[in-house]
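The block underneath contains the structure these notes are about, expressed in structure tokens.
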Amino acid sequence: MKEGWEAVIGLEVHAQLRTESKIFCGCSTAFGDEPNANTCPVCLGLPGALPVLNRRVVEYAAQAALALGLRINTESIFSRKNYFYPDLPKGYQISQYDRPFSEHGAVEAPTTERDEAGHPQEWRLKHFGITRAHIEEDAGKSVHDIGDPGKSYVNLNRSGTPLLEIVSEPDFRSSWEAYDYVGFLRRTLQYIGVCDGNMEEGSLRCDANVSVRRTGAEKFGTKAEIKNLNSLRFLQRAIDYEIDRQIALIEAGGEVVQETRLWNEREAKTYSMRSKEDAHDYRYFPEPDLPPLEVAAEWVETVRAGLPELPEARRRRFIGEYGLSVDDAFTLTGQRELADYYEAVVKASGNSRAAANWVLSELLRELKSGGIDITGSKVRAEHLGALIKLIEDSTISGKIAKDVFADMVATGKAPEEIVREKGLVQITDLGAIEKIVAEVIAANPKQLEAYRAGKTALLGFFVGQVMKASGGKANPQAVNEILKAHLEAEGR
Amino acid sequence: MTISLTVDEIHRLYEKGDATPSEIVRAALDRIEESQSSLNAYLTVSRESALKRAETLDSGIRDAVRVLPLAGIPVAIKDNMCTEGVRTTCGSRILGNYIPPYTATAVKQLEAAGAIIVGKTNLDEFAMGSSTENSAYGPVRNPVNTDYVPGGSSGGSAVAVAAGHVPISLGSDTGGSIRQPASYCGIVGLKPTYGRVSRYGLVAFASSLDQIGPFARNVRDAARALSAISGRDVHDSTSAPVSAPDYLAALTGDVKGLRVGVPAECFGEGLDAEVKERVEAGIARLRERGAEVVDVSLPHSRYVVSVYYIIATAEASSNLARFDGVRYGYRTQQARTLSDMYRRTRDEGFGAEVKRRIMLGTFVLSSGYYDAYYEKAQRVRAMLVRDFDSAFEKCDVIATPTAPTPAFKLGEKSDDPLAMYLNDIYTVTINLAGLPGVSVPCGETRAGLPVGLQLIGSHFDEARLLNAACALE
């Protein structure tokens, strides 16, 4: 950011709660079905139809609110937000206004600035306040780019999909903080299983309120709202663009006007959608078709008790309990299933560092190249743990282990089974190794001579020959010791 | 065959084999068709489907009357309740071609009780009015004297019963739309407690005030109909989880010891002298039968019309936003842009009174005015509820006139919306408080116009309310 300036950013995140059915009717929330297939009188806004709140929505909202440190109000009220739009079938959205579902939350999220190449600098934890999170319904979708160019179409499959709108305090000072916060929210919501976090499909959408002020100024500048940012990258770029635009505008003697702007990714610009004068008067009032939502304190405690360990807490625990690096712990806790998998490997192997190495390098590489998720891994966590144990107790060498692992990836078999079938058990019988060593030395007199003349680097050559002769099964440590003894003893 | 009969009378004919549902229904349909040119009470007459359903009941009707409280009874439904496959217009041009894909819960319940729907009745557009002159399909006339309005907004349903077409019809009551036309037409009209009857499928006017209820020629039939349509509906979150008693069984006619509250506020300025006389005579009759008459006070009564027209129009402005020409109903033919389409569709589709109320409601909710109007109105509404709470500490039911005047002539108040709104002064109160109320005939004026007495009960106390009403018959 330009010297002498500070940005102030607030974020509104709309997270789709992943219930099977819609918020006020029994229609499916499935994405990508035939247009208007998942509709009924309620979500079509037909005359006389009435909303009935889906209980599961309240459960999911409560889990999310608690995970974000929000206080759940014992009574909250649904309100109507009135505006006309073709994809808003009732002419109002059922949302919450002056008594939202939850308030007064905060998260401690890891954040860092990035260099020009986008590499993270120094990670630190920052406190971001969350003003409120409230429950509301989604609208449908207007479609303009199909069929007759003179016509627009409306798809109401999404109408009535449950959303949690999470409104932050204006606590962000850079686009990367916003990026890291939304990433954190996304991980957290995915972690507790209430939102699939798919930004492309619109399961997580973001609006950013951006203003700038001179460093040290107390008053906030006039803000512009950038709407519908549907990827983390767009969010970050749009905010940066907007900060630069506002600073340039003010420095040129202009004034920022309060308005709603849209991000155009192709042009890498924000442009004005509507000014404050054109802003809607939403005429909020309490929704008379729904009684106040009452939530018992005991129920909230039940939900709290049922929450899984959250990613941030787990990350810290992984560092402390398993001795992992910050980065490794970050990756391993990025996805709940991955963290669960890792812990299962630790349990089966008794070696947390080896488990981290195998999961992070070998397993993730294999999964990535196969284009599959940890949940689709053929290698079971107990099997990976067992493999680590086989190395530890010298049944097989680390090198053989990699081959065994490749077989596990391909077949899903247990490592013991593969080792047995292929006769890969490590030779630890010293007599057998000595026999091979003697044969190898006898077969390579020139190298022996060179070694004895001081070219001790040839030890590697001898080790390789011995391992080869043993079919890779000889215990490398034993091979090393016996070879050295033979090479040097006979040299004297 | 005349069918100005009650349910009991029709059932007796069925039991004795003196009539079949087909005959009764055909007679009803014939009378309806004869009356249409003079009364205009119906927007749709379901001749074929009604006769078809009647025929299926013909052979088993003797048994059916024993198990189904409304077996073979022709009924009429206000045209703001959805009926699957049958046009539902709300008396509006904007829904002139609208055919719902589902049926309102209350209508389904009525059919489940054995009733046969013969038609959908005319109404003030979207139930907004007190005379049924605001229908896009022409005004309804009072069968007592066709120079007069039948009251509104459920004018068509009131006339269906008053003219003897059917013993029972359904109306909806947001500020008096069942009770006032009942009073003007000389029949019984009941607005149940808010939440007693499901609103699912009732096209909303003001959601926090709307309630479906029956018209009938006597209290027994009203009680029968209420039993059929009451109860919790999973499709309506505001329907109450309070079980409905057998209202018919509650009608003993015994009012000894019943405390009848009379609020002085409802007998003062603006009340027609003849109406006052008839209503007081009605209260005296209750006293003669052993009821105890006590004075009660409703100190916030003078604000009710203002409060009502703020809350009702606010909710209406939002409820009617869905009629935008996008998905169903009328759409203008000549729009070039989206906002033009909205504007013209709604301008051409809605009538003057509906537009007036949408504008009023939009205004009271707009930013900068919300606190002064809507918010304040809600506070006064809460005070009104307390007024009733304290009144009901001293009495069991409250008696008032249903309307300040008898029926007026067509066109008499059309140009004076304020005078029209003031007609609702005794009825809107109980919608605001969510209480049940019934209008019972209590004589007529010297000009032969019916007068109605309104009895108000406490929440979910319809049994006692109907019993008191029964004692007035």
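The values are calculated or read from the model by the stated rules, or taken from the named source; none is laboratory data. Every value quoted in this text rests on a predicted model; they were computed, and no experiment measured them. Don't worry about glycine lacking a Cβ; one is built from the backbone with ideal geometry, like all the others, and counts go over all protein chains shown.
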Requested in this report: Could you give me the residue pairs with C-beta distances under 9 Å whose first residue belongs to region B:174-190 and is of a type in the set (D, E, K, R), whose second residue is part of a loop (DSSP other than H, G, I, E, B) wherever it lies, and which are 6+ apart or on separate chains?
Outcome: B:ARG179/B:GLY151; B:ARG179/B:THR402; B:ARG179/B:ALA403; B:ARG179/B:TYR426; B:ARG179/B:THR427
Report task. Output yes when any residue across region B:345-354 is closer than 27 Å to B:LEU418 by Cβ, within 12 Å of another protein chain (Cβ to nearest Cβ), under 23 Å from the mean Cα position of the chain (by Cα) and part of a helix (DSSP H, G or I), and no when none is. Result -> no
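Is one or more of the residues making up region B:384-394 in contact with a Lys or Arg (Cβ under 9 Å, 6 or more places away or on another chain), closer than 26 Å to B:GLY437 by Cα and modelled with pLDDT of 95 or more?
Among the residues of region B:384-394, at least one is in contact with a Lys or Arg (Cβ under 9 Å, 6 or more places away or on another chain), closer than 26 Å to B:GLY437 by Cα and modelled with pLDDT of 95 or more, which makes the answer yes.
Please find, among A:VAL256, A:VAL210, the residue that is over 32 Å from the mean Cα position of the chain (by Cα), surrounded by 17 or more Cβ atoms within 10 Å (Cβ to Cβ) and assigned by TED's automatic domain parsing to the domain that holds A:GLU165.
That would be A:VAL256, the only listed residue that is over 32 Å from the mean Cα position of the chain (by Cα), surrounded by 17 or more Cβ atoms within 10 Å (Cβ to Cβ) and assigned by TED's automatic domain parsing to the domain that holds A:GLU165.
For region B:364-473, which strands (runs of 3 or more DSSP E) that fit wholly inside it have 2 or more residues that are over 17 Å from the mean Cα position of the chain (by Cα)? Steps first, please.
Values: elements: B:397-401, B:437-444, B:450-457.
Filter on region B:364-473 gives B:397-401, B:437-444.
Let me confirm something: among A:ALA489, A:ALA438, A:ALA410, which residue is among the hydrophobic types (A, V, I, L, M, F, W, C), surrounded by fewer than 17 Cβ atoms within 10 Å (Cβ to Cβ) and within 27 Å of A:GLU343 (Cα to Cα)? It would help to see each step written out before you state the result.
Values: A:ALA489 fails: within 27 Å of A:GLU343 (Cα to Cα); A:ALA438 fails: within 27 Å of A:GLU343 (Cα to Cα).
One residue alone meets the criteria, A:ALA410.
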Query - Where a residue in region B:248-275 is assigned to a helix (DSSP H, G or I) and its partner, wherever it lies, is buried (at least 20 other Cβ atoms within 10 Å of the Cβ) and of a type outside the set (Ser, Thr, Tyr), with Cβ under 6 Å and at least six apart - result: B:GLU265/B:LEU298; B:VAL275/B:PRO401; B:VAL275/B:VAL451
Query raised in the report: Tally time: how many residues in region A:3-32 are within 25 Å of A:GLY183 (Cβ to Cβ) and charged (D, E, K, R)?
Result: 3
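Within region A:1-59, can you find the residues that are among the basic types (Lys, Arg) and under 23 Å from A:VAL154 (Cα atoms)?
A:ARG18, A:LYS22 - these are the residues of region A:1-59 that are among the basic types (Lys, Arg) and under 23 Å from A:VAL154 (Cα atoms).
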Query raised in the report: Which of (1) surrounded by fewer than 16 Cβ atoms within 10 Å (Cβ to Cβ); (2) at pLDDT below 85 does A:ILE396 not meet, given it meets every other one?
Result: (1)
Requested in this report: Being within 22 Å of A:VAL42 (Cβ to Cβ) and not in a loop (DSSP other than H, G, I, E, B) narrows it down to one of B:ILE99, B:ILE94, so name that one.
Outcome: B:ILE94
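Considering each of B:ARG31, B:ARG26 in turn, give the residue that is surrounded by fewer than 22 Cβ atoms within 10 Å (Cβ to Cβ) and either more than 23 Å from the chain's Cα centre (by Cα) or not in a helix (DSSP H, G or I) (or both).
B:ARG26 is the lone residue from the list that is surrounded by fewer than 22 Cβ atoms within 10 Å (Cβ to Cβ) and either more than 23 Å from the chain's Cα centre (by Cα) or not in a helix (DSSP H, G or I) (or both).
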Report task. Mind checking which helices (runs of 4 or more DSSP H) fall wholly inside region A:424-492 and carry at least 3 residues that are of a type in the set (A, V, I, L, M, F, W, C)? Result -> A:430-443, A:459-469, A:476-491
Query raised in the report: Quick one: how many residues across region A:48-104 are more than 12 Å from chain B (Cβ to nearest Cβ), in a strand (DSSP E or B), within 30 Å of the chain's Cα centre (by Cα) and at negative phi?
Result: 6
Report task. Kindly indicate which of B:ASP221, B:ASP272, B:ASP210 is under 19 Å from the mean Cα position of the chain (by Cα) and either surrounded by fewer than 21 Cβ atoms within 10 Å (Cβ to Cβ) or more than 14 Å from chain A (Cβ to nearest Cβ) (or both). Result -> B:ASP221
Report task. Within region B:300-318, identify whether any single residue is within 28 Å of B:VAL440 (Cβ to Cβ), modelled with pLDDT under 95 and assigned to a loop (DSSP other than H, G, I, E, B), and answer yes or no. Result -> yes
Requested in this report: Find the residue count for region B:34-69, including only residues that are in contact (Cβ under 8 Å) with a residue 12 or more places away in the chain and either part of a helix (DSSP H, G or I) or of a type in the set (Asp, Glu) (or both).
Outcome: 16
Query raised in the report: Within region A:123-170, how many residues are modelled with pLDDT under 95, closer than 16 Å to A:ALA37 by Cα and of a type in the set (S, T, N, Q)?
Result: 1
Requested in this report: Answer with yes or no whether B:ARG259 is of a type in the set (D, E, K, R), surrounded by fewer than 18 Cβ atoms within 10 Å (Cβ to Cβ) and more than 14 Å from every other protein chain (Cβ to nearest Cβ).
Outcome: yes
Query - Residue match in region B:109-125 (condition: outside any loop (DSSP other than H, G, I, E, B), within 14 Å of chain A (Cβ to nearest Cβ) and closer than 19 Å to B:ALA41 by Cα) - result: yes
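Residues to consider are A:HIS119, A:HIS134, A:HIS127; find the one that is in contact with a Pro (Cβ under 7 Å, 6 or more places away or on another chain) and farther than 30 Å from B:ALA335 by Cα.
Criteria check complete, one pass: A:HIS134.
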Report summary line: Taking region A:399-416 and keeping only residues that are of a type in the set (Gly, Ala, Ser) and within 17 Å of A:SER349 (Cβ to Cβ), one is left with A:ALA401, A:ALA414
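Can you tell me which residue among A:ALA279, A:ALA354, A:ALA344, A:ALA348 is within 14 Å of another protein chain (Cβ to nearest Cβ), over 27 Å from A:ALA61 (Cβ atoms) and without any contact (Cβ under 8 Å) to a residue 60 or more places away in the chain?
Only one candidate passes the filter, namely A:ALA279.
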Requested in this report: Test A:ALA15 against the criterion of being out of contact with any Cys (no Cβ under 7 Å at 6 or more places or on another chain), closer than 22 Å to A:ASP98 by Cβ and crowded, with 24+ Cβ neighbours inside 10 Å, and give yes or no.
Outcome: no
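Could you check how many residues of region B:27-83 are within 14 Å of another protein chain (Cβ to nearest Cβ) and of a type outside the set (A, V, I, L, M)?
5
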Report summary line: Here, strands (runs of 3 or more DSSP E) confined to region A:224-314 with at least 1 residues that are at pLDDT 90 or above and aromatic (Phe, Trp, Tyr) are A:259-264
Report task. Answer yes if at least one residue in region B:187-202 is among the aliphatic types (A, V, I, L, M) and facing another protein chain (nearest Cβ under 9 Å), and no otherwise. Result -> yes
**Report entry** Enumeration of residues in region B:359-374 that are within 25 Å of B:ASN134 (Cα to Cα) and within 11 Å of chain A (Cβ to nearest Cβ)
**Finding:** B:GLY361, B:THR362, B:PHE363, B:VAL364, B:LEU365
Report summary line: In region B:330-340, anything at the interface with another protein chain (Cβ under 10 Å from one of its Cβ atoms) and modelled with pLDDT of 95 or more is listed as none
